[in-house]
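Scroll down for the structure; my scribbles are underneath it.
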Amino acid sequence: MVFHAPEDTIERPLCHLFNALISNFGGAIGGPIRRDHTFFFFTYEGLRQSRGVTTFAQVPLDQARVDGPFVQSLGVTNGQIHPAVKPYLSFWPRANNLDDAREVSQGVGRYYYTLKPQQKDHYIQGRIDHTLTASGSLFGRYSVQDSSDHRDAMAPEISSDYPTRNQYFTLSYNHIFSSMLLGTFRGSFSRTHATAIYNSEFPRELAFQRGQPVGNLGVTGLTNPTNVSGTTSLPVELNQRIFSYSADLYYTLGQHSLKFGMLLNRYRQFLYNDGGNSPRGAWSFNSLADFLNARPNQFSMKTPGSITDRTFEYQTWGFYLQDDFRILSNLTLNLGLRYEFQTEVDEIRGNGAALRDVLKDANVTVSDPVFINPSLKNFSPRVGFAWDV
């Protein structure tokens, strides 16, 4: 079944047009594999979405891109644009709207353009249930989701992509030990992987750091030409793997209904964030005039040789005991205790870092543990009652 959202025009602040086409489709099927013993279920869902958003950017006027009296009136020395910044003026498209007189007097016009982000998503899940014996059954389930998100920008030379792939697998076994004791045992694995990629076709000879694409160019009063969808903090990669094991037992004894069990999660997290460290370099200027004079107020860049990825490992443990004690025919007392703790977070190569004493330390300490473990006393008692009036 396919659904199409109608194209529509919506008035929004800073956005004059918003057109969207959304297609959502999928299906499900299930049934027996072996009569009264084995069953399967499968489902798929797909999503396609494309939008057209018309917005505007603030760009230098044509007169602000050439030497002469106009740029001199803006504060450019002798009306001569510094040769070091002239090649970067081509990063901004030419203005196609001059309605704002105040902006025009400051050498700034508006460039109206249409962004066309596109999203795709695939979701698949399969499950099999199987009865082994009269007292035992199990099921297995696998889910996967693939997504992609492509975003363009004011400058046609740059764009960004956000692919993700998430996978989940679960295997569970139920066993009836007796009329009073039931057990559930489960193991699972999940992997979530997300990346953010920066694509640039600006001339490499204009890069701020050798071997990198053109970096961040910020000028107060102008739209950042190296910005994609509100961010320059790319690339980024997150990859998390979790192995989980759990056991739950249910025991009935007279007026008591007991539940007790445990849960173990083993985490492995890979984090790569090169965007927030200005790997390509970042220039900042307080005004258009400062930019044309090549007079920056700040430059930042990642220190060569910096390690911008980390892989952390840790575990979480949980144990619980609960008793639903039926005191009277219309009154049940709920008593329980849960204990959960987390092991220390370790960076597998010893690159964990933390500011141990915020008042005295001048630098971070590069070693594990990253923080003092606060979870070793996480006891959670539970007291309640149910009264049938």
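The values are calculated or read from the model by the stated rules, or taken from the named source; none is laboratory data. Everything numeric in this text was worked out from a predicted model, so none of it was measured. Neighbour counts are summed over all protein chains in view; Cβ atoms, including those assigned to glycine, are modelled from backbone coordinates with ideal geometry.
Restricting F39, F139 to residues that are touching a Pro at 6+ places or on another chain (Cβ under 7 Å), at pLDDT 95 or above and surrounded by 13 or more Cβ atoms within 10 Å (Cβ to Cβ) narrows the list to F39.
Listed residues P156, P163, P225; which is within 28 Å of A57 (Cβ to Cβ), over 16 Å from the mean Cα position of the chain (by Cα), surrounded by fewer than 17 Cβ atoms within 10 Å (Cβ to Cβ) and not hydrophobic (A, V, I, L, M, F, W, C)? Spell out how you get there, then give the answer.
Working: P163 fails: over 16 Å from the mean Cα position of the chain (by Cα); P225 fails: surrounded by fewer than 17 Cβ atoms within 10 Å (Cβ to Cβ).
From the options P156, P163, P225, the qualifying one is P156.
Annotation: L253 fulfils all but one of (1) modelled with pLDDT under 95; (2) closer than 17 Å to L321 by Cβ; (3) buried (at least 16 other Cβ atoms within 10 Å of the Cβ); (4) not polar (S, T, N, Q); the unmet one is (3).
Please verify whether D149 is within 16 Å of F42 (Cα to Cα) and either surrounded by 16 or more Cβ atoms within 10 Å (Cβ to Cβ) or without any contact (Cβ under 8 Å) to a residue 12 or more places away in the chain (or both), treating the condition exactly as stated. When the stated conditions are applied, D149 does not pass them. For the stretch 168-197, the set of residues classified as buried (at least 16 other Cβ atoms within 10 Å of the Cβ), at pLDDT 95 or above and among the polar types (S, T, N, Q) consists of T170, S172, N174, S188, S190, T192, listed by residue number. Among the criteria (1) loosely packed, with under 14 Cβ neighbours inside 10 Å; (2) not in a loop (DSSP other than H, G, I, E, B), the one G350 does not fulfil is (2).
Looking across the stretch 199-235, the residues that are in contact with a helix residue (DSSP H, G or I) (Cβ under 9 Å, 6 or more places away or on another chain), modelled with pLDDT of 85 or more and not acidic (D, E) come down to F202, P203, L206, V214, L217, V219, T220, G221, L222, P225, T226. Looking across the stretch 310-340, the residues that are surrounded by 15 or more Cβ atoms within 10 Å (Cβ to Cβ) and over 30 Å from L253 (Cα atoms) come down to R310, T311, F312, E313, Y314, T316. Being in contact with a strand residue (DSSP E or B) (Cβ under 7 Å, 6 or more places away or on another chain) and modelled with pLDDT under 85 is not true of D357. Of the residues in the stretch 127-137, at least one is in contact with an Asp or Glu (Cβ under 8 Å, 6 or more places away or on another chain), under 28 Å from I29 (Cα atoms) and outside any loop (DSSP other than H, G, I, E, B). Selection of the stretch 69-110 for residues being of a type in the set (K, R), exposed (fewer than 14 other Cβ atoms within 10 Å of the Cβ) and touching a residue at least 12 places away in the same chain (Cβ under 8 Å) yields only R94. Scanning for something of a type in the set (S, T, N, Q), surrounded by 15 or more Cβ atoms within 10 Å (Cβ to Cβ), at pLDDT below 90 and in a loop (DSSP other than H, G, I, E, B), does the stretch 256-279 turn up at least one residue? Checked against the condition, which is being of a type in the set (S, T, N, Q), surrounded by 15 or more Cβ atoms within 10 Å (Cβ to Cβ), at pLDDT below 90 and in a loop (DSSP other than H, G, I, E, B), the stretch 256-279 yields at least one hit. Of the residues that make up the stretch 138-150, is at least one aromatic (F, W, Y) and out of contact with any His (no Cβ under 8 Å at 6 or more places or on another chain)? There is at least one residue in the stretch 138-150 that is aromatic (F, W, Y) and out of contact with any His (no Cβ under 8 Å at 6 or more places or on another chain).
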